[in-house]
2 protein chains.
Amino acid sequence: MSQNSDNTISSIGRPGLIRKIAGYSTFRSEEVVYGIGDDAAVLAASETRYGLLSSETFVEGVEFDLSFMPFHQVGAKVVSAAVSDIYAMNGHPRSILVNLALPNRITLDMVDELYKGIGMACADYECQLSGGDLTGSHNALIITVSVYGDIEKDKIVYNSGASVDDAVCVTGDIGSALAGLKILLREKRHWEESEDPVMQPDLTDWEYVVKRQLVPVARKDLVTLFHDKGIRPSAMIDVSQGLLSDLQRLARNSNKGAYIYQAALPIDLETRKVADEMQEDVDKYALYGGEDFELLFTLPEKEVGKLTELSRDFTVIGKITGKNGQIEMQTAEGDTVVFGEATD
Amino acid sequence: MSQNSDNTISSIGRPGLIRKIAGYSTFRSEEVVYGIGDDAAVLAASETRYGLLSSETFVEGVEFDLSFMPFHQVGAKVVSAAVSDIYAMNGHPRSILVNLALPNRITLDMVDELYKGIGMACADYECQLSGGDLTGSHNALIITVSVYGDIEKDKIVYNSGASVDDAVCVTGDIGSALAGLKILLREKRHWEESEDPVMQPDLTDWEYVVKRQLVPVARKDLVTLFHDKGIRPSAMIDVSQGLLSDLQRLARNSNKGAYIYQAALPIDLETRKVADEMQEDVDKYALYGGEDFELLFTLPEKEVGKLTELSRDFTVIGKITGKNGQIEMQTAEGDTVVFGEATD
């Protein structure tokens, strides 16, 4: 193995690494309709339905912090994060597997609490806990949730189907999960610095954002609405990495770009208050904060009115352009900032 | 949370923990045909086929040791271990997802090597690498492989279908993966104790067992034979935890017991040599050593002759009894030892 200075994973980043890995996916199975590149792999299931498969790993100290996250909330959150990938394909989660790598300090009661949260989330998403794997770990608790879902063939939504002039829409609000994390990390720091080990953090002013961080909810409700009302987005992805990163992925996979309006970004008042208190730019929370598990989707212009009549829980933030891979944003001052270079 | 002394996971063991977890699987999806308890979850796919879903997590320092396992072999091994669960249901693996939690010290070249092994194993098992997840890790490299497979409904084999007097069969030989691990750990110790950092271990006498540990092969060949020749075991499981533990699971899930013959255990000569050199009991390697990824299955007596004509690569080691959960073994001296108590 060469040991040149560019041999780090960070030198090519997450998208680069995914492209590299895709290069090793050389065997093609007829049962796989679509492999690497979307929120879930798409499987041939029956004449009328596709299977959907996704898996996510959560590492203690990276994805979750047990010092301020109770086990049952961790359990619920990992399920929400996993099923969100199925909703992002417009699908229905059906079955999940949970793998645990358990360090010695994890007790039976902790595992019990974790599964209470997993079980409740499974019921919410109408999806059956169907197995998993148990192993040991020297340090961190590691949780992997794999989820199988399905979808009628004519209702599947890829992240690659956006057309020029489609409206770019996002559900709920964004940046609030990151705002909640900032508050929780600040309270943790205060607690660590205090002389009083039983000090309780005062989170009353930050209830909404803290909840968004600790117990995010995957947007089953919107997908149900899409199905019930016959609305089909042209492209969809969930906001897990951050709005900008996820929009870039949707745009690139569609061979398109996007033009969005900073003023249109749906940001909760509490998120703004957090940014003010931290003396940070709230738009950065909205653009780069991940884990909101909202749905980012594109709709033909004529469908927007229809959806507006049915739901107020989404916002049009811009439209799709022909500039491959390029995200442009009109700032509140009327300037245009550009993220990423157009490739054709 | 109570903090009593019985609050450790080891107090109830792996089977106890699995039973406890099953108690949280309260939501039932119509799309899940069989949940917790077999090698893979069974999903409703089409009129004629079931989907199969399994996932395994491999933690550096627990399941694999990078000091003597090259990355490409780790990659191949984790795929073999994962698809083995699909073969154990008599199924065909179709799609795998690989999740990595990467510590900083893992370089691009290492990830490259890992995926070379994954890609080659996927081609061997005719299964497409279709996605996964990437995250960070503070210490250990953690790999999760999730696999989706399928099987014609009338060909599925559960681990719960054994009948009294069925022959208990195992493919290949057992205990050799553990023997290989013992050799590798000894050579690692020698290397650590030696003054010579470039000392190379001499593994020429142990080629077979070391290969069994480093690059085990899942028994696609036997499952293909079963399908081609219309043979259907009454029950099947793969030897991943160890023969005794896996046989006990198969017996218990079938509400049966088993009587096996120590003299019949298929043990390779090289495995015997390792045990001799270590001054250990080779039968313990065979009974308790895991990771052989052989298939342990039961066949009605009349089918045994048919399979014998088709393959020499399996051994009848005993038969199924009516003693629920009890494994009896006739020793070479003619005594009978009993593992586990019959529960009815």
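I'm checking my understanding of the structure. Among residues of the stretch A:117-127 that are farther than 17 Å from A:GLU56 by Cα and at the interface with chain B (Cβ under 7 Å from one of its Cβ atoms), which one is surrounded by the most Cβ atoms within 10 Å (Cβ to Cβ)? By that ranking, first place goes to A:GLY119. Scanning the stretch A:116-146 for residues that are part of a helix (DSSP H, G or I) and under 22 Å from the mean Cα position of the chain (by Cα) yields A:GLY117, A:ILE118, A:GLY119, A:MET120, A:ALA121, A:CYS122, A:ALA123, A:ASP124. Count of the stretch A:207-249 residues, restricted to those that are under 12 Å from the mean Cα position of the chain (by Cα) and not in a helix (DSSP H, G or I), is 11. The set of residues from the stretch A:33-77 being among the acidic types (Asp, Glu) and without any contact (Cβ under 8 Å) to a residue 40 or more places away in the chain comprises A:GLU47, A:GLU63.
Residues in the stretch A:19-34 that are in contact with a Leu (Cβ under 7 Å, 6 or more places away or on another chain) and at the interface with another protein chain (Cβ under 8 Å from one of its Cβ atoms): A:TYR24, A:SER25, A:GLU31, A:VAL32. Can you pull out every residue in the stretch B:126-159 that is modelled with pLDDT under 95 and among the charged types (D, E, K, R)? Answer for the stretch B:126-159, where residues must be modelled with pLDDT under 95 and among the charged types (D, E, K, R): just B:ASP133. Identify, by number, the condition in (1) farther than 28 Å from A:PRO233 by Cβ; (2) among the hydrophobic types (A, V, I, L, M, F, W, C); (3) surrounded by fewer than 23 Cβ atoms within 10 Å (Cβ to Cβ) that A:ILE36 doesn't meet. Every listed condition holds for A:ILE36 apart from (1).
Conditions (1) of a type outside the set (A, V, I, L, M); (2) more than 18 Å from the chain's Cα centre (by Cα), marked per residue:
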position: A:GLU63; (1), (2): yes, no
position: A:ALA76; (1), (2): no, no
position: A:LEU100; (1), (2): no, yes
position: A:LEU114; (1), (2): no, yes
position: A:TYR148; (1), (2): yes, no
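Scanning the stretch A:262-298 for residues that are of a type in the set (A, V, I, L, M) and out of contact with any Lys or Arg (no Cβ under 9 Å at 6 or more places or on another chain) yields A:ALA263, A:ALA264, A:LEU265, A:ILE267, A:LEU269, A:ALA286, A:LEU287, A:LEU296. Of all residues in the stretch B:258-290, which are closer than 14 Å to B:VAL170 by Cα and of a type in the set (Asp, Glu)? Result: B:ASP268, single match. Taken over the stretch B:214-255, the criterion of being among the acidic types (Asp, Glu) and under 26 Å from B:LEU114 (Cβ atoms) is satisfied by B:ASP221, B:ASP238.
Whether any residue in the stretch A:230-240 is touching a Cys at 6+ places or on another chain (Cβ under 9 Å) and surrounded by 17 or more Cβ atoms within 10 Å (Cβ to Cβ) is what I want to check. Yes, the stretch A:230-240 contains a residue that is touching a Cys at 6+ places or on another chain (Cβ under 9 Å) and surrounded by 17 or more Cβ atoms within 10 Å (Cβ to Cβ).
The residues in the stretch B:185-207 that are in contact with an Asp or Glu (Cβ under 7 Å, 6 or more places away or on another chain) and under 16 Å from B:ASP276 (Cα atoms) can be counted, and the count is 1.
Scanning the stretch A:43-68 for residues that are in contact with a His (Cβ under 9 Å, 6 or more places away or on another chain) and either crowded, with 20+ Cβ neighbours inside 10 Å or at pLDDT 95 or above (or both) gives A:LEU52, A:VAL59, A:GLU60. Criterion applied to B:VAL79, B:VAL98, B:VAL83, B:VAL111 was being in contact with a strand residue (DSSP E or B) (Cβ under 7 Å, 6 or more places away or on another chain), hydrophobic (A, V, I, L, M, F, W, C) and facing chain A (nearest Cβ under 9 Å), and the one residue passing it is B:VAL98. For the stretch A:44-63, the set of residues classified as of a type in the set (A, V, I, L, M, F, W, C) and within 7 Å of chain B (Cβ to nearest Cβ) consists of A:ALA45, A:LEU53, A:VAL59, A:VAL62, listed by residue number. Residues in the stretch A:128-144 that are more than 7 Å from chain B (Cβ to nearest Cβ) and surrounded by fewer than 24 Cβ atoms within 10 Å (Cβ to Cβ): 1 in all. Among the residues making up the stretch A:24-77, those that are within 30 Å of A:ILE106 (Cβ to Cβ) and of a type in the set (Ser, Thr, Tyr) are A:SER54, A:SER55, A:THR57, A:SER67.
Here is a yes/no grid of residues against (1) within 23 Å of A:LEU295 (Cα to Cα); (2) touching a residue at least 12 places away in the same chain (Cβ under 8 Å); (3) touching a Phe, Trp or Tyr at 6+ places or on another chain (Cβ under 6 Å):
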| position | (1), (2), (3) |
| --- | --- |
| A:ARG94 | yes, yes, yes |
| A:LEU102 | no, yes, no |
| A:ARG105 | no, no, no |
| A:TYR115 | no, yes, yes |
| A:GLU126 | yes, yes, no |
| A:SER130 | no, yes, no |
| A:ASN139 | no, yes, no |
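Residues that are free of Cβ contacts under 8 Å to residues at least 60 places away in the same chain and under 17 Å from the mean Cα position of the chain (by Cα): does the stretch B:308-331 have at least one? Within the stretch B:308-331 (the criterion being free of Cβ contacts under 8 Å to residues at least 60 places away in the same chain and under 17 Å from the mean Cα position of the chain (by Cα)), the answer is no, since none of the residues qualifies. Scanning the stretch B:197-220 for residues that are modelled with pLDDT of 85 or more and among the charged types (D, E, K, R) yields B:ASP205, B:GLU207, B:LYS211, B:ARG212, B:ARG219, B:LYS220.
The values are calculated or read from the model by the stated rules, or taken from the named source; none is laboratory data. Owing to the predicted nature of the structure, the values given are computational and were not obtained by experimental measurement. Don't worry about glycine lacking a Cβ; one is built from the backbone with ideal geometry, like all the others, and counts go over all protein chains shown.
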